[in-house]
Amino acid sequence: MRSTNSLSRRQFVAGTGLLLSGAMAQAAGPAKPAPRSALALHGGEKAVKGPAPSLPIRWGEPERERLEAMLGQKSLFFWKGPQTSLLVERVRQVCPLKYVHTCSSGTAALHMAVAAAGIGPGDEVITSPITDMGTVIGILFQQAVPVFADLGPGNYNLDLADVERRITPKTKAIIAVHLLGNPCDLDALKALADRRGLVLIEDCAQAWGARYRGRPIGTVGQFACFSLQDSKHVTCGDGGVVGSGDERFGPLLQRFGDKGFDRIGRSDFGVLGANYRMSEPQAAVAAAQLPRLETIAARRARLGNLLTEKITGIPGIQPHQVRAQDRCVYWHHMLRLRPGAFRCDRAGFVKALIAEGVAASTSIMQGPLYKKAVFQNHGFFAGRWPIRELGLTDMDYTKQSCPEAEAIYQTGVHLPLHQGMTEEYILGAAKAIEKVARHYAV
Ligand SMILES: Cc1ncc(COP(=O)(O)O)c(C=O)c1O
């Protein structure tokens, strides 16, 4: 791990982010006495000079060229479309899988994977509670049951031991979310999945260009699912890609996103598939984006690691933990505040960071998902959940609990990070974090 001050589960779960208790402050180690420079919030000088760099326009000549080529085509339909073919070829350069299909979103990619894996009514799929709804929408539409496992306190990815604890005879798959671009421990998850006869699906939506021990993410599990939605490393506004190197599942993918057509043999509609097709204009833009990915991923990795390096060791701050052998591509950076370490709450800390000129926020995506009303009410289908009514599951989301994920949700500080940022900004942000942490240190 790059970060050295990882916290025990108990430490983080105990206080979940509010004001300190003496006992917690002691457990966290005494704060170093340090000069408290005037916060920008109180009229002091800002740690970050100038505004936080904004994300530049991410398209230009390559996209124009692709779109112009596309305008010369007789059809904008995906099947055998030159833009789609080029996109597939370029995705294979990033994630070398035999079967690669374009689709309309990351959500669609995940649904196609879950469907192709044969997951159906009452089956259970274990996944992360802090993620986008798109991770679980496909599970629910297959009438299967998302089961949430807890997360590691510093890497924010699935905790292997907790995944194992939640496996039941109904479990069919694990969806490993590479949260914020940080690779999950794929070898360990794959070994567990193989041992228990489960399918491993990688949710790579936030992790374009990430590498696990030198290998591209998406190549260890049976499925790789990517999003091309606007906030992702590469994008066409909305879109997705699903891939598989597995001969059992790869050939099935196509039909689950193409209304049941397989487009190679007869269309006998042996399966029910949604229309998740991506059309040629989106494929043209996405194909033009992909050659930029390596530069974007490398830059984000460098900036994110620099931030981690500079804030490691600040009392009360837990930086984003990334294994040294992996490449995290920082969809965003997220640090955690040690409960009890500061005289302010998380909102106060973030307010002070923003005043220092740092792009920071307390909102950490959507999570834990099981706390959302639709889960708490079990009201997925017109206010009802047929599989529960039929006795195919006794899942009760009001009783789900992932203490570490809940603590992450309470103590995390979200630091947007992108390729438009400069080292100067990152160094300023690190200074601001240190300044605010020292100011509010107990
Ligand atoms: C981890 C994760 N999974 C799935 C999705 C769904 O992707 P899309 O928005 O393209 O449907 C997202 C989108 O943000 C995501 O972040």
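Of note:
- Sorting 247-257, 380-390, 131-141 by their mean Cβ neighbour count within 10 Å, with the most densely packed peptide first, gives 131-141, 247-257, 380-390.
- Backbone amide hydrogens, once placed in the peptide plane, bring V147 within less than 5 Å of V125, I126, T127, excluding anything fewer than 5 places away on its chain.
- Accessible area per residue for the chain, computed on protein heavy atoms with a 1.4 Å probe, is 40 Å².
- Stretchable slack from E424 to R92, in nm (0.36 nm times residue separation minus alpha-carbon distance): 116.0 nm
- Between the Cα long axis of helix 423-440 and the first principal axis of the chain there is an angle of about 50°, rounded to the nearest 10.
- Interchain or long-range residues, amide H under 5 Å from G240's placed H: C103, S104, S105, L228
- Rounded tilt (10° steps) of 346-355 against the dominant C-alpha axis of the chain: 90
- The angle between the Cα long axis of helix 61-71 and the longest principal axis of the Cα atoms of the chain comes to about 20 degrees, rounded to the nearest 10.
- Of K190/K259; K170/K232; K172/K371; K49/K435; K172/K399, pairs whose Cα-Cα distance is over 25 Å: K190/K259; K170/K232
- Scattering profile of the range 38-185 at q = 0.14 Å⁻¹ [log10 I(q)/I(0), Debye over alpha-carbon scatterers]: -0.89
- For the chain, share of DSSP beta bridges that run antiparallel, in % to the nearest 5: 60
- For the range 117-124, putting each phi into the Karplus relation 6.51 cos²θ - 1.76 cosθ + 1.60 with θ = phi - 60° gives couplings of 6, x, 7, x, x, x, 5, 10 Hz, in residue order, rounded to whole numbers and with x for Gly and Pro.
- Total formal charge among the other residues, if their Cβ is under 15 angstrom from that of N377, Lys/Arg +1 and Asp/Glu -1: +3
- Projected label distance in nm at T398 and M133, using a 7 Å step from Cα toward the beta-carbon: 2.2
- Positive end of the dipole of the chain (Cβ unit charges, origin at the Cα centre): among P216, L151, P291, the Cα lying farthest that way belongs to L151.
- Potential lengthening of the chain between L272 and R292 amounts to 3.6 nm, from the contour at 0.36 nm per residue minus the alpha-carbon distance.
- Cβ-Cβ distance of R263 and T312, R₀ of 60 Å, FRET efficiency by 1/(1 + (r/R0)^6): the value works out to about 0.70.
- From the alpha carbon centroid of the range 239-256 to that of the range 412-435 is 38 Å.
- For the chain, the Cα gyration tensor yields ellipsoid semi-axes of 38, 28, 17 Å (square root of five times each eigenvalue, largest first, whole Å).
- Relative protection proxy for 72-83, 165-176, from highest mean packing down: 165-176, 72-83 (other beta-carbon atoms within 10 angstrom).
- With every protein chain in place, the chain: carbon and sulfur % of accessible area (1.4 Å): 55
- For H333, the residues whose modelled amide H falls within less than 5 Å of its own, excluding neighbours fewer than 5 places apart on the same chain, are L415, L417.
- Karplus 3J(HN,Hα) series, Hz, for the range 402-414 with 6.51 cos²θ - 1.76 cosθ + 1.60 (x for Gly, Pro): 10, x, 5, 4, 5, 5, 4, 4, 7, 10, x, 10, 8
- FRET efficiency estimate (nearest 0.05) - Cβ-Cβ, S37 to K170, R0 41 angstrom: 0.15
- Contact order relative to length of the chain, as percent, for alpha carbon pairs under 8 angstrom and 6 or more apart: 27
The values are calculated or read from the model by the stated rules, or taken from the named source; none is laboratory data. Being a predicted model, the structure only gives us computed values, none of them experimental. Please note: Cβ atoms are built from the backbone with ideal geometry, for glycine as well, and neighbour counts cover all protein chains shown. Quick note on the areas: whole protein, heavy atoms, side chains included, nothing else; ligands and nucleic acids left out. Shrake-Rupley method; radii C 1.70, N 1.55, O 1.52, S 1.80 Å.
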